[in-house]
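Here the structure is laid out as structure tokens; the discussion comes afterwards.
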Amino acid sequence: MVVSPEHPIIEKYKAELKNWDEIDAYREQAAHKSDFERAELAKEKTGVQIDGLTAVNPVNGKEIPIWISDYVLMSYGTGAIMAVPAHDQRDWEFAKKFDLPMIQVVSKNGKEADISKEAFTDVATGILVNSDFINGLDVREAQKKMIAFLEEKQIGTAKTNYKLRDWVFSRQRYWGEPIPIVHCETCGYVPIDERELPLELPEVESYMPTDNGESPLAAMTDWVRTTCPCCGGPANRETDTMPQWAGSSWYFLRYTDPHNEEALAGKEALDYWMPVDWYNGGMEHTTLHLLYSRFWHKFLYDQKQVPCKEPYQKRTSHGMILGENGEKMSKSRGNVVNPDDIVRDYGADTLRTYEMFIGAFDLAASWSEDGVKGCRRFLERVWKLQDMTTDENGYSKDLETKMHQTIKKVSSDYENLKYNTAIAAMMALINDFYKKNSLTGEEYRTLLLLLNPTAPHITEELWEIMGFEGHVYEQKWPEYDEAKTIEATVEIAVQINGKVKATILVDKDAAKEDVIAKAKEAIADKLAGTVIKEIYVPGRIVNLVQK
Ligand SMILES: [Zn+2]
């Protein structure tokens, strides 16, 4: 059993603890870490066994040692856990570090899994073992039976734990949604009349924070003083405002019907748009924003204000862009890059291209001025291609495969948020144009279509210069032919007695005798003896064995 270092049980039994100094020193250490450091960042588990205090398992009467460790947070659940080292990776790491016994209680199909390297955490569908009266049951059944057992013996009851904690919902600042409540001396807290909603902030000269800790609204007495909707007597408006996540938890609902004066959004609009198909946001806000917005949504669903149980169907996060030194951008570190400066010096398309090229979408990446310049050069090279186009129709024969491959790759990369590799594929394609020193009009047209989401301005400009019809944004996305994405020729290594002597290019469907003949031709001057065996591994190797 592991309890949080702050758990009140420690103070309560202080007199009975035999290693108080050790416990106290550990508590002091833990106090200096944030919840995040303790729960998420801790690579190495730490802890102290409480000497002089043990727990008793109420089901089987067994005595259990109690430890304190900072990976257990007082603010989460009860601040005490019954560790299951065989089935929880953090408990497993803790047990491993302190050489504690691990008892497997959930198995895969009744067969014990190997827990010597890591915990067996795929327990949702497992079968109970080493567990007395619940052996052989699946986890769901076992849970029901355990709870029934505990309730029958009156040693426990079923309870649902939520990750969402109580949280202060008021702020002492001007900018925030005003809370539509008045304080009446007679009636207490009274909600304002629905016809007065939405309650708006008063227009004021100054909304700076006060030095007495009160909300700036408190000083605006004209706004504060009102009448009680209940008894008509004098009342004061609530002067605290809501925190920013009050709005961020449901704004997307309003987006579906922003001009609606009657409701947060009309039923028809909500039915049409909700749930959000794909919700993307910053990494930093994943946990709290996701919890809050789902909580609000579920409340609104229960109130029959929204048609769906969940607000989003798919959620992704983009990585954070760090300063050039690899640290988070901040004024105090002096490593902030202002996008306006980049747009002024290199253009908006360069900024867009660079941000998409900087790294994998979901990972943090460091800003690099050289990288920006590289993207600018790439776009300049795209620009100059306008002078290299030929009158040839369609795709040229030697680049046809490459064109189909590039369309395929860029299309699927965009779809999967792999913008960096999509851009890399386009860079490789224009390298091929430059190698040839020419490209067909059709090849250019396709490139502009593929590049348009990344660099919309110059591609649209080039589209017009080239005299292509309409605008890029009106065009169909280019198509590829799967059969044409496969190279028509393959490179084959030609070996003599297992040693590579030459390489040849052959048609990928070429017959064995044709390949062998071509191979012999390529190494004619190196063949000294009689060939006694000819081996052909299609698409890869010809090996000629000679005496
Ligand atoms: Zn009243």
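Coordinate-derived values only; no laboratory data. In this text, all values refer to a predicted model and were calculated from it rather than measured experimentally. Virtual Cβ from ideal backbone geometry, glycine too; neighbours counted across all protein chains shown.
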Counting only residues 5 or more places away or on other chains, whose amide H sits under 5 Å from the amide H of S107 once H atoms are built in the peptide plane? I127, L128, V129
Quick check: the angle from helix 512-522's long axis to the longest principal axis of the chain, C-alpha only, nearest 10 degrees? 70
Over 24 Å (Cα to Cα) - which of K14/K159; K108/K314; K267/K476; K163/K298; K12/K145 fall in this group: K14/K159; K108/K314; K267/K476; K12/K145
Taking θ = phi - 60°, what integer Hz values does the Karplus form 6.51 cos²θ - 1.76 cosθ + 1.60 yield along the range 50-56, in sequence order, with x for Gly and Pro? 7, 8, x, 9, 9, 10, 10
On C-alpha positions alone, give me the angle between the axis of helix 456-465 and the longest principal axis of the chain, in degrees, nearest 10. 30
Structure-based [θ]222 nm, the chain - -39500 (n - 2.57) summed over DSSP H runs of at least 4, per residue, nearest 500: -9500 deg cm²/dmol
Local charge sum around N416 (other residues, Cβ-Cβ under 14 Å, Lys/Arg +1, Asp/Glu -1)? +1
Shape of the range 372-411, Cα gyration tensor, a/c cut at 1.5: oblate
Take the alpha carbon gyration tensor of the chain, find the square roots of its eigenvalues, order them as a ≥ b ≥ c, and report rounded if a/c is under 1.5; if not, report prolate when a/b exceeds b/c, else oblate. oblate
HN-Hα couplings for the range 339-349 via Karplus (6.51, -1.76, 1.60; θ = phi - 60°), in whole Hz with x for Gly/Pro, come out as x, 4, 5, 5, 4, 5, 7, 10, x, 5, 5
Pull out a ≥ b ≥ c, the square roots of the eigenvalues of the alpha-carbon gyration tensor of the range 386-456, then state rounded if a/c is under 1.5, prolate if not and a/b is larger than b/c, and oblate in the remaining case. prolate
With θ set to phi - 60°, apply the Karplus curve 6.51 cos²θ - 1.76 cosθ + 1.60 along the range 437-452 and write out the HN-Hα couplings as whole Hz, x wherever there is a Gly or Pro. 6, 6, 8, 7, x, 5, 5, 5, 4, 5, 4, 4, 5, 5, 7, 3
Entries in K62/K144; K435/K508; K402/K484; K97/K117 that, when Cα-Cα distance is taken, lie over 20 Å: K62/K144; K435/K508
